[in-house]
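Just below is one structure, and these are the notes that go with it.
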Amino acid sequence: MTHKTTTFGGFDRRAFLRSGAALGALSVTGLPAFAQAGHEITIADIGVGDPGGDWSRFSDATGHSVNMVSIGNAPAAIINQLLAGGGMQTFDIINIVGGMQKPLAEADLIQKIDRSKLPNLETNTYIDKYLAKGTPGFDFVGYEGELYGVPTVLQADSFAYLPDETGELDSYGALFDPKFRGYVSIEDNYTTAGQKTALYLKANGLAEIEDPSDMSEGELKTVIDFLIEKKKEGQFRVIWSSFEQAVNLLVSKEVHVMDCWEPMVFVANSQGANVRYAAPREGYLMWAMAAYIVNNPERSAEQTEAAYALLNFMLGPWYGAKITGLRGYMTNPTAPQFARDNSDAFTTEEAEKIAAIDSGVQDRFATGGTWQNRWPTNVDLYEEEWQRFKAS
């Protein structure tokens, strides 16, 4: 497969704000017996995988340390980082939004996952429920029937709004409603803003689109033409491109309706804003994280074992509960009960919040919508059309 060195419009979560207080050192649960001490595992992460900067629960139990570094999330940028940026020799794990197995596996940049080394994977019922073979969810972690990505997070996205300014909203149509003209922002990303637009047009009978997640040339052109028309009408105040920018737009009330990620709502509200995340009648944009083991032929067997120990920890109850509370994502089915049972690590309020988030995300998946597509069939055309929108 030939990979162009263009910059694809994948969403960049590098700017994700690290929030929440670090917890003290605690004992570890569910680590494989083979884990050996003394290794530093380098994980390249887009931000959402950081448990508030505290890995002591893992490190104290194993002797391994964690070196978390930032990586972008745009598809081509990830490939270029591994091929030309030294990532294959530097990273043990890359933790990004999934769906990248095809280009990464075909370029021999990641390894198949050895399930026997991940006890917590086998007990995670969410994987069989949402990411089973033969379902759209499997495309976020697998390729040609093989598992390549470890799913630490599941989420379903929509859009944010300021109810004091807009009233209650329940449709992506709010992004395009003339009464909010000049107070709307969408993400600079065809896999999010573009796909949500396609979902809106299809669900409301405004365009003939068979599959919003993988559009034909004509369908894609229809979506981009629609966005260009709205842009020329002055609908969009700004096309946002960073986490901080999006949060600031909400907090300052410069924007009243925004296509965005739910963690931005968490942060904006922590800064005194009143922001809600919508439950759109058209459905949600569903996705999953995937932690990939980088195919570094120079890495020792012991270092690989340490990497698996970290992945198993990330599938465990403490890590899952921590990430759910910090980011608003569903992680694994053991997380809510763990938070309830461990008052030394989670307050009653935190445990209730974690359980509510877990239940809420399950409800979103039950509602459905469209699975995000990180590598659509016409990926080059997607990039070209998105650039046409931005240049309009």
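The values are calculated or read from the model by the stated rules, or taken from the named source; none is laboratory data. From a predicted model like this one, the values you see are computed outputs, not experimental measurements. Note: ideal-geometry Cβ built from the backbone for every residue, glycine included; neighbour counts use all protein chains shown. Note: accessible area is taken over every heavy atom of the protein model, side chains too, but ligands, DNA and RNA are not part of it. Shrake-Rupley method; radii C 1.70, N 1.55, O 1.52, S 1.80 Å.
Ignoring everything except DSSP H segments at least 4 long, calculate the 222 nm mean residue ellipticity for the chain; use -39,500 (n - 2.57) per segment, divide by total residues, nearest 500. Taking each H run of at least 4 residues, the total per residue is -11000 deg cm²/dmol. TRP318 contributes about 10 Å² of solvent-accessible surface, heavy atoms of the protein only, 1.4 Å probe.
Highest mean first, how do 179-191, 354-366, 90-102 rank when packing is the count of other Cβ atoms within 10 Å averaged over residues?
Ranked by mean Cβ neighbours within 10 Å, highest first: 90-102, 179-191, 354-366.
Taking every protein chain into account, the 1.4 Å probe leaves ARG340 with about 130 Å² of accessible area, to the nearest ten.
Normalised by the number of residues in segment 103-262, the mean separation of alpha-carbon contacts (under 8 Å, six or more apart) gives a relative contact order of 29 percent. The simple spin-label model puts a point 7 Å past each Cα toward its Cβ; for GLU165 and ASP211 those points are separated by 3.7 nm. Stokes-Einstein diffusion of segment 146-265 at 10 °C, 1.306 mPa s viscosity, Kirkwood radius from Cα pairs, rounded to a whole number: 105 µm²/s. Specify which residue in the list ILE113, SER359, LEU169 is farthest towards the positive end of the charge dipole of the chain, using unit charges on the beta carbon of Lys, Arg (+1) and Asp, Glu (-1), about the Cα centre. So the residue we want is LEU169. Using a cutoff of 8 angstrom between alpha carbon atoms and counting only pairs six or more residues apart, the relative contact order for segment 263-392 works out to 27 percent.
Here the extension length gained between ASN295 and THR90 equals 72.7 nm, from 0.36 nm per residue of separation less the Cα-Cα distance.
By average Cβ neighbour count within 10 Å, what is the ranking of 378-388, 144-154 from highest down?
Descending packing order for the listed peptides: 144-154, 378-388.
Here the spin labels are modelled as points 7 Å beyond Cα on the Cα-Cβ line, and at GLU384 and GLU305 they lie 5.2 nm apart. Of all beta bridges that DSSP places with both ends in the chain, some 55 percent have antiparallel geometry. Shown here is the pair-distance distribution of the chain: with all Cα-Cα distances grouped in 20 Å bins from zero up to the longest one, the shares run 29, 59, 13, 0 percent. Ligands, DNA and RNA aside, LYS231 has an accessible area near 50 Å² when probed at 1.4 Å.
Karplus-based coupling profile of segment 98-111, in residue order and whole Hz: x, x, 9, 4, 4, x, 5, 5, 5, 8, 6, 9, 10, 9, with θ = phi - 60° in 6.51 cos²θ - 1.76 cosθ + 1.60 and x standing for Gly or Pro.
For segment 228-371, the fraction of C-alpha pairs more than 26 angstrom apart is 43%.
Averaged over its residues, segment 209-330 has an accessible area of 32 Å² per residue, based on protein heavy atoms and a 1.4 Å probe.
The angle between the Cα long axis of helix 301-314 and the longest principal axis of the Cα atoms of the chain comes to about 60 degrees, rounded to the nearest 10.
Amide H contacts of TYR148: ILE113, GLY142, TYR143, each under 5 Å away and 5 or more positions distant or on a separate chain (H built 1.01 Å from N in the peptide plane; Pro and chain starts excluded). Close amide-amide hydrogen proximity is noted between SER70 and ASP45, each under 5 Å apart and 5 or more residues distant or on a separate chain (H modeled in the peptide plane; Pro and chain starts excluded).
Surface composition of the chain: carbon plus sulfur atoms contribute 46% of the solvent-accessible area (1.4 Å probe, protein chains only, all chains present). The phi torsions of segment 380-392, fed into the Karplus equation with coefficients 6.51, -1.76 and 1.60 and a -60° offset, translate into couplings of 5, 5, 4, 5, 4, 5, 5, 5, 4, 4, 5, 7, 6 Hz, rounded to whole numbers, with Gly and Pro shown as x. Taking 0.36 nm per residue of separation and subtracting the Cα-Cα distance, full extension of the segment from ASN274 to LYS179 would add 32.2 nm. Summary value for the chain: 25 percent relative contact order, contacts being C-alpha pairs under 8 angstrom separated by 6+ residues. Using the Cβ-Cβ distance between LYS112 and ALA366 with R0 set to 22 Å, the FRET efficiency from 1/(1 + (r/R0)^6) comes to roughly 0.10.
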